[in-house]
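Structure first, then comments.
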Amino acid sequence: MALWNSGATWSSGFLWAPAAPPPAAISLSEPPKHTQTMQRKPYYPKKVSEQPAWHFNYADQITILGPGMGLVPADVTATINDSRHVGYSIGAWCNTVREFGPGATGQLEVLKFGSGLTAFELPEFVPPAPPAGLTTVLPGALARIFKYVQVIKGSPGYTEGQGLLLGIVGEEVPPPPPGGGVPRLTLMLNQVPAQQQVLAKFFKDGHEGIWLESRRGNGAWEFLIISTKSPYIDTRPLLVPGQAEVREYRAMFWDAGQPNGDWCDVARITVSP
């Protein structure tokens, strides 16, 4: 049997597993035995548009890899059926329903206000063909898949390489950016009825956010905000109503609850009534 990192591909006929005798089968009730120490992002896609592909890949890969992990065959069959049901339902079926809706609404307008001598018939919804071999499932399919992923990761034959193929191992969380460096800060004016506002646009460059300060006239620097989303909109009123003023801004990066690095170059802009 080939190791997952030996260069063998999924279609080569090898199974990615340690070269050892097949482990004994485990059931859904057994707790996970492996712990994941590396910090990773969630493996399940947040975007609905990416979820159907995840489900079909998971079903295809567990079909190939499951026998070498020592999983109970009936449980593998059940999770494959669950995953293909969810992938089909949130993908092809749901997309067809959405496409059918506007057309059906249009036909109702024909019924109400149309003309002609042909008998009106309501449009019939024809769902896309489901994947071959699907059998009925009980509610809670996705919850069962998430639970079974833990069983897979706890199986004696499981490796991280198999997890990557299955899509049940998330991307690594990148290390925090090093200290130092300065934010890129630019200023623009936004005209509103009361007076102009300042839009402070910035780039985080991998940091959590910025620590932003401002100075007006000959005054001292004032803390404005810890901002994690650009732009920050400065809506402060003028120091002297009706009188234009020069505002200065500076920023440094902010990570893990602390400002860090150096101040960026001071940016200046004139705010008018």
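Here, each number is a calculation from the coordinates, and none is a lab measurement. Everything numeric in this text was worked out from a predicted model, so none of it was measured. When we count neighbours, we look across all protein chains shown, and the Cβ atoms used for this are built from the backbone with ideal geometry, even at glycine.
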Please list 3J(HN,Hα) in residue order for region 152-158, calculated via the Karplus relation 6.51 cos²θ - 1.76 cosθ + 1.60 where θ = phi - 60°; whole Hz, with x for glycine and proline. 4, 5, x, 6, x, x, 6
What are the trypsin sites (Lys or Arg not before Pro) within region 190-273 that DSSP puts in a loop, where the Cβ has at most 10 other Cβ atoms within 10 Å? Lys229
Linear extension gain, Lys47 paired with Ala244, 0.36 nm per residue minus alpha-carbon span: 66.3 nm
For Lys41, which lysines qualify as cross-link partners when the Cα separation must be under 27 Å and same-chain residues fewer than eight apart are set aside? Lys33, Lys147, Lys153, Lys204, Lys229
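Given N residues in region 184-271, what is its alpha carbon radius of gyration divided by 2.2 N^0.38 Å?
1.08
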